[in-house]
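A.B. asks: Sharing a structure with you now.
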Amino acid sequence: MKLEILALCEYASCLNQRLTILHTFDNWTTKTFPADVSGFCVAKLRFDPDECGRDYSFAFRATDPDGTVVFVQAFSAHPTTTEDALPYQLTQILHIRMKLPPGPYELGIFSADACLATTPFHVLSVS
């Protein structure tokens, strides 16, 4: 299994295996707190044919600087093999909404409590 994309963005969609991602970001700027952070988490995973045919559990998880989980959303997959033995592609798009104080955060994708990848993001105050 390979993670090809992990992103925070303003909008995402997938139609006919064509992924559209608009306005990726790693900073959220606001005048009021807690900040109403709203957007989409996108993960694109690819499974080789020998990894297909079993169940997988995943979770998007956001943490604050102390490691406290501020957001978590689980999802599962059961990849199947294709006739032409091409890798199975899974694109997961999740709309998120969090109320957060200013500071650094980290979004991660996890499989069976193993971290596949993380990406940082910051909630900032406008002067």
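Quick note: the coordinates plus some simple rules give every number you see, no bench work behind them. The shown structure was predicted, so the numbers you read here are calculated from the model rather than taken from an experiment. Don't worry about glycine lacking a Cβ; one is built from the backbone with ideal geometry, like all the others, and counts go over all protein chains shown.
A.B. asks: So, in nm, how far is label S125 from label V72 when the simple model puts each one 7 Å beyond its Cα toward the Cβ?
C.D. replies: 3.1
A.B. asks: So how far apart, in nm, are the two label points at L94 and Q17 if each is 7 Å from Cα heading toward Cβ?
C.D. replies: That separation, rounded to one decimal, is 2.5 nm.
A.B. asks: If you plug each phi of the range 74-80 into the Karplus form 6.51 cos²θ - 1.76 cosθ + 1.60 with θ = phi - 60°, what whole-Hz ³J(HN,Hα) values come out, in order, with x for Gly and Pro?
C.D. replies: 8, 8, 10, 8, 10, x, 10
A.B. asks: A further question follows. Determine, at each q value in 0.10, 0.13, 0.15, 0.21 (inverse angstroms), the log₁₀ of I(q)/I(0) that the Debye formula gives when each Cα of the range 2-122 is one equal point scatterer.
C.D. replies: Rounded to two decimals, the profile gives -0.33, -0.54, -0.70, -1.21.
A.B. asks: Sort out for me the Cα centre separation of the range 2-58 from the range 90-126, rounded to whole Å.
C.D. replies: 10
A.B. asks: For the chain, what is the relative contact order in percent, using Cα pairs closer than 8 Å and at least 6 residues apart in sequence?
C.D. replies: Values: 303 pairs, mean separation 39.9, N = 127.
Computed value for the chain: 31 percent relative contact order.
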